[in-house]
Amino acid sequence: MPRARIRHAFLAFSVATVVATAQDQGPTAKPFSVGVRRFAFDPARIEVNQDDLVKIELRTDDIAHSLTIDDYRIAKRVGPGQPVTFEFRADRAGTFPYYCNLQVEEGCRQMRGLLVVKPRKPIDVESGFGRAMVRLKADSAFR
């Protein structure tokens, strides 16, 4: 009987450790270098996970441009040879367009890109705990 209690205590500790570790995994820092050149963003698509800390270095070598994401209230302007770095938390899942809001040349109005924020995955603690309990019961039935 004491052996079964030790197993139960170990199992409870193991499950608690897994849950605590899963919950402690914080958002990831995601750095991107975005180049802007007549008249396109490179890359034109940025993919991150919800709650990631997105850090963007924006640069251009030709004329002044901007990177604007309305849903995140971001509007950053960059000049030739003067990179701008900014960061934000991608706290909402979804697809958000970004564009150049400057009217320097007609091509600026056509510049488009997408920020894709994938939803965070829920932690399925119950299924792991249920499997562990079934395994424990099967082990103790044979002893």
Exercise. Name the residues of the range 35-74 whose amide N is less than 20 Å from a point 7 angstrom out from the Cα of residue 121 along the C-beta direction?
Worked result: 47-53
Exercise. Taking θ as phi - 60°, what are the ³J(HN,Hα) couplings along the range 43-59 by the Karplus curve (6.51, -1.76, 1.60), each to the nearest whole Hz, with x for Gly and Pro?
Worked result: x, 8, 9, 10, 10, 9, 9, 4, 6, 5, 8, 8, 10, 10, 9, 9, 9
Problem set entry | Bridge type composition, the range 26-78 - antiparallel percent by DSSP, nearest 5 | 50
Exercise. Amide H to amide H under 5 Å from residue 65: which residues, 5+ apart in sequence or cross-chain, H placed 1.01 Å off N in plane?
Worked result: 78
Problem set entry | Cut-off under 5 Å, modelled amide H: who pairs with residue 74 long-range | 69
For this session: Mind listing the long-range amide H neighbours of residue 49? Cut-off is under 5 Å, sequence gap 5 or more, other chains count too, H placed in the peptide plane at 1.01 Å from N.
Result: 118
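Where a number appears in this text, it was derived from the coordinates with a stated rule and is not lab data. Since the structure is predicted, the reported quantities are computational estimates derived from the model, not experimental observations. Note: ideal-geometry Cβ built from the backbone for every residue, glycine included; neighbour counts use all protein chains shown.
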